[in-house]
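> Sending over a structure as structure tokens; questions will come in a sec.
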Amino acid sequence: MNDYYADLGVSREASSEEIKRAYRRKARTLHPDVNPGPEAEQEFKRVSQAYDVLGDPTKKQQYDMGADPYGGMTGSYGQGFSFSDIMDAFFGGAAASSRGPRSRVQRGQDALIRVDIDLPTAVFGADKEVVVDTAVLCETCHGDGKQPGTGTRTCDICGGRGEVQQVQRSFLGQVMTSRPCTACHGFGEIITDPCFDCSGNGRVRTRRTLTLAVPAGVDTGTRIQLAGEGEVGPGGGTPGDLYVEVQVLPHEKFQRRGDDLHCVVEVPMTAAALGTVLEFDTLDGPTQFTVKSGAQSGEVTTIRDHGVTHLRGSGRGDLLVTLRVLTPTKLDGEQEELMRRLAEIRGEQNPSARVSHVESGGFFGKLRDAFLGK
């Protein structure tokens, strides 16, 4: 590999004048007219080649970045080499694709908001207005970030490349790395007159109202995607998506468990004993169901297809009604007498206590009892 700095006897930080003086000094002593012989001739050619590279600003820049116009890629110990070129060799040019100025136009980020809905909306679905605060396209500059009628200029620091090189010493020698230019932020160009409304970003923040179509069957945690309603990207780039996360508010009468609804209906003791037909309000409107004679507290009656609409698929869940038998707490004289006569007829004047087994509370209750050895 060619080490042109060593051939001329100058450091890598040498100025163009120092390089020129070093070449003239060596050329005078190695010129064939002054110092004949094959060794001096070869040395003179090597020094001339070094000056041809280091004396030309373009070739010198290529050499400092790791490319030798006469010898390919430089990389021997003690010489400068480009870390980006090594990355190209390992990753097939992937690093090279990221070089140069980057575009001001970029895709916008996705946005996430949370919306509260009531249970009927979750069951049947509905349209709901939501307010979002996101970045939108600047109407003054239409995304280019410039005041109308103005333009851009090439960055003086990076020369329009969008990146600058930095040489660092390491155990491998001098390593050259590239980083985005801090003056133009990697764009290679500087906006001379930024837009007053967006400060050159091409977008502004605003609050707007959207109509959200809430599908039937959503539950707390469900996310609804609105394509293209997220943040507009820098430079007026394609907007991201908006995700709306649903939070279903508690209902005063019905409780949701999966796609089924649960509620408690209170019935008088006499109605539970004799049986009756009850009418009560559901999310579908007034509904009747039959209470069989002798019904007990805790009994569950299932009303089909009165639950939550299945989010994926057809049909609905069920409504499960739990009975609660109400025992009167206050009786007048006549009512008390009737109750005593009923107890006498049924032989329940002096009833004995009857102990029954406590329900385990379903599968998980039985599993708990098994662990506890019950």
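The values are calculated or read from the model by the stated rules, or taken from the named source; none is laboratory data. This structure is a prediction, so every number in the text was calculated from the model and none was measured. All Cβ positions, even for glycine, are placed from backbone atoms using ideal geometry, and neighbour counts span all protein chains on display. Side chains included, ligands, DNA and RNA excluded: accessible areas come from the protein's heavy atoms. Shrake-Rupley method; radii C 1.70, N 1.55, O 1.52, S 1.80 Å.
> Does segment 161-178 contain at least one residue that is among the hydrophobic types (A, V, I, L, M, F, W, C), open to solvent by 40 Å² or more (accessible area, probe 1.4 Å) and at pLDDT 85 or above?
no
> From Asp64, Asp33, grab the single residue that is open to solvent by 60 Å² or more (accessible area, probe 1.4 Å) and either modelled with pLDDT of 80 or more or acidic (Asp, Glu) (or both).
Unique residue meeting the criteria: Asp33.
> Moving on. Residue under question is Val232, and the condition is that it be over 30 Å from Leu137 (Cβ atoms), in contact (Cβ under 8 Å) with a residue 12 or more places away in the chain, touching a strand residue (DSSP E or B) at 6+ places or on another chain (Cβ under 8 Å) and open to solvent by less than 40 Å² (accessible area, probe 1.4 Å); does it hold?
No: the conditions fail for Val232.
> Just to be sure I understand, how many residues within segment 302-315 are touching a residue at least 60 places away in the same chain (Cβ under 8 Å) and either closer than 28 Å to Thr270 by Cα or not in a loop (DSSP other than H, G, I, E, B) (or both)?
Number satisfying all stated conditions: 1.
> Then there is this: If you check Val131, Val136, Val218, which single one turns out to be in contact with a helix residue (DSSP H, G or I) (Cβ under 6 Å, 6 or more places away or on another chain) and in contact (Cβ under 8 Å) with a residue 60 or more places away in the chain?
Answer to the check: Val218.
> Scanning for something surrounded by fewer than 16 Cβ atoms within 10 Å (Cβ to Cβ), at pLDDT 85 or above and of a type in the set (S, T, N, Q), does segment 83-98 turn up at least one residue?
No, segment 83-98 contains no residue that is surrounded by fewer than 16 Cβ atoms within 10 Å (Cβ to Cβ), at pLDDT 85 or above and of a type in the set (S, T, N, Q).
> Now a separate question. Could you run through segment 338-354 and say how many residues are assigned to a loop (DSSP other than H, G, I, E, B) and under 18 Å from Pro328 (Cβ atoms)?
Here the count works out to 2.
> Do we have Arg25 as farther than 26 Å from Gln166 by Cα and at pLDDT 85 or above here?
yes
> Here is a follow-up. So, in segment 251-267, exactly how many residues are open to solvent by 40 Å² or more (accessible area, probe 1.4 Å) and without any contact (Cβ under 8 Å) to a residue 60 or more places away in the chain?
6
> Same structure again: Hey, any hits in segment 188-203 for a residue that's assigned to a strand (DSSP E or B), without any contact (Cβ under 8 Å) to a residue 40 or more places away in the chain and open to solvent by less than 50 Å² (accessible area, probe 1.4 Å)?
yes
> Let me ask another. So in segment 205-222, with the set limited to residues that are assigned to a strand (DSSP E or B) and open to solvent by 40 Å² or more (accessible area, probe 1.4 Å), which one is farthest from Pro250 (Cα to Cα)?
Per the stated criteria, the residue is Arg205.
> I've got another one for you. Filter segment 277-301 for residues that are part of a loop (DSSP other than H, G, I, E, B) and closer than 17 Å to Gly125 by Cα and give the result.
Leu283, Asp284
> Give all pairs with beta carbons closer than 6 Å in which a residue from segment 8-24 that is under 15 Å from Pro57 (Cβ atoms) and part of a loop (DSSP other than H, G, I, E, B) meets a residue that is open to solvent by less than 90 Å² (accessible area, probe 1.4 Å) and not charged (D, E, K, R); count only pairs at least 6 apart in sequence or on separate chains.
So the pair list comes out as Arg12/Tyr5.
> Residues that are at pLDDT below 55 and exposed (fewer than 10 other Cβ atoms within 10 Å of the Cβ): does segment 340-363 have at least one?
yes
Okay, residues lined up against (1) open to solvent by 60 Å² or more (accessible area, probe 1.4 Å); (2) touching a residue at least 24 places away in the same chain (Cβ under 8 Å); (3) farther than 30 Å from Ala227 by Cα; (4) under 42 Å from the mean Cα position of the chain (by Cα):
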{"site": "Ala272", "(1), (2), (3), (4)": "no, yes, yes, no"}
{"site": "Val277", "(1), (2), (3), (4)": "yes, no, yes, no"}
{"site": "Asp284", "(1), (2), (3), (4)": "yes, no, yes, yes"}
{"site": "Gly294", "(1), (2), (3), (4)": "no, no, yes, no"}
{"site": "Val300", "(1), (2), (3), (4)": "yes, no, yes, no"}
{"site": "Leu320", "(1), (2), (3), (4)": "no, yes, yes, yes"}
{"site": "Leu331", "(1), (2), (3), (4)": "yes, no, yes, no"}
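> Which one of these is touching an Asp or Glu at 6+ places or on another chain (Cβ under 7 Å) and of a type in the set (A, V, I, L, M): Val277, Val264, Val308, Val300?
None of the other options fit; the residue is Val308.
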